[in-house]
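The block underneath contains the structure these notes are about, expressed in structure tokens.
Just so it is clear, none of the values below were taken in a lab; they were calculated from the coordinates. Note that the structure is a prediction, hence the values are computed from the model and not measured. Backbone-built Cβ (ideal geometry, glycine too); neighbour counts: all protein chains shown.
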Amino acid sequence: MVQPHILVDADACPVKDEIYRVAWRLEVPVTVVSNAHFRVPQHPLVERVVVSDGFDAADDWIAERIDAHCVVVTADILLADRCLKAGAAAVIAPNGKPFTTASIGNAVAVRAIMSDLRAGGDRIGGPPPFSREDRSRFLSALDAALVKARRSTL
């Protein structure tokens, strides 16, 4: 039986502590990938990988290791698209919203439109502040994704 694995795009991830708690409860390994050193718990289930500060280095590291047992946590829409195309079990944003094969095309298109508007000088507000509801939704989504990934390996 292959164990699910959590891969975290960690540089700007606001839910790392929640990921650790769920991983420990379900006994699922976590790999935290970043461009910078920061503290991670000293625990046998947690691995820290620090990549170069090159453009998309963390994204490339994650995307190259995706398989059907990986649950990816990222806010990066383009990385989410790569992970889904590579066959990840699930890709979840830190606010708990899943990226799916049905929704990723729209997310990529909206991202491109917003990028074009910003490049043209339009002032566009960013995402809403991270909320308690986002954190709760994330915990539920991560738990559900890991349970589903575990069942698919039986």
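See the values below:
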read-out	value
With at most 15 neighbouring Cβ atoms within 10 Å, loop chymotrypsin sites (Phe, Trp or Tyr not before Pro) (DSSP) excluded, longest segment of the chain	56-129
Phe38 paired with Ala109, simple spin-label distance in nm, labels 7 Å along Cα-to-beta-carbon	3.4
Label-point separation, Ser136 to Ala119 (7 Å along Cα→Cβ), nm	4.0
Exposed-site-free run, longest, the chain (rule: GluC sites (Glu not before Pro); DSSP loop; at most 12 other C-beta within 10 Å)	65-154
In the stretch 9-55, trypsin sites (Lys or Arg not before Pro) in a DSSP loop with at most 15 other beta-carbon atoms within 10 Å	Arg39
At 0.692 mPa s and 37 °C, Stokes diffusion of the chain via Kirkwood alpha-carbon radius, µm² per second	205
